[in-house]
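Asks: First the structure, then my questions, so here it is.
Laboratory data are not the source of any read-out in this text; all were calculated from the coordinates shown. It should be emphasised that the depicted structure is a prediction, and the values quoted were computed from it without experimental measurement. Don't worry about glycine lacking a Cβ; one is built from the backbone with ideal geometry, like all the others, and counts go over all protein chains shown.
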Amino acid sequence: QEPLTASMLAAAPLKEQKQLLGERLYPLIQMLHPVVAGKITGMLLEIDNSELLHMLESPESLHAKVEEAVAVLQAHQA
Amino acid sequence: GTNVNWPPEFCPGVPWKGLQNI
C-alpha cells in the first residue's frame, strides 16, 4: 500500500481526508491497543491532518500520541 | 457533564461520525 501523502489528502474533501487517515491509523493503533482502537482512532482524528500525516510517518510520535489518548480516555471513563 | 458520545469511535469501512466536532 503506497504511503498517504499530503497531496493525496489535499485532493480529497475533508470527510474523505479523515476517513483515509482513519483507515491508515486504525490498524497501527489496533496493534497497540486492540480493545480501544476504535475509540483512540476517533480521538486522534480530531487532530489536524498535518500532524496525523506526521504520525503515520513516525511510529514514535504515533505511539506517544496513542498513549496520551489512552490516558485521556481512561480519565474520561473514570 | 460527561458526553457519552465522546470519543466518536472510528470503525474501518464505516464513515467516521466525528466530523461535526471539528
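Asks: Per residue of the range A:24-34, what does 6.51 cos²θ - 1.76 cosθ + 1.60 with θ = phi - 60° give for ³J(HN,Hα)? Whole Hz please, x for Gly and Pro, Karplus curve as stated.
Replies: 7, 6, 3, x, 5, 6, 4, 5, 7, 9, x
Asks: Further question on the same structure: What 222 nm value per residue comes from the helices of the protein assembly as shown, counting each DSSP H run with n ≥ 4 as -39,500 (n - 2.57) and dividing by all residues, nearest 500 deg cm²/dmol? Don't skip to the end; give the middle numbers.
Replies: Values: 5 runs with 60 residues, N = 100.
Rounded to the nearest 500, it is -18500 deg cm²/dmol.
Asks: Local charge sum around A:Arg24 (other residues, Cβ-Cβ under 13 Å, Lys/Arg +1, Asp/Glu -1)?
Replies: On the way: positive: A:Lys18; negative: A:Glu2, A:Glu16, A:Glu23, A:Glu57.
Around A:Arg24, the charge tally is -3.
Asks: Between beta-carbons, use under 13 Å as the cut-off and find the net charge around A:Leu4, counting Lys and Arg +1, Asp and Glu -1. List each step's numbers first, then the result.
Replies: Working: positive: A:Lys18, A:Arg24; negative: A:Glu2, A:Glu16, A:Glu23, A:Glu57.
Charge balance near A:Leu4 sits at -2.
Asks: Which of A:Pro27, A:Pro59, A:Pro13 moves the most in a Gaussian network model of chain A with Cα springs under 10 Å?
Replies: Largest GNM mean-square fluctuation: A:Pro13.
Asks: What lysines sit close enough to A:Lys15 to cross-link, taking a C-alpha to C-alpha distance under 16 Å and skipping anything fewer than 8 places away on the same chain?
Replies: B:Lys17
Asks: Taking neighbour Cβ counts within 10 Å as the exposure measure, how do A:Met31, A:Met8 sort from fewest upward?
Replies: Ascending number of Cβ neighbours within 10 Å: A:Met31, A:Met8.
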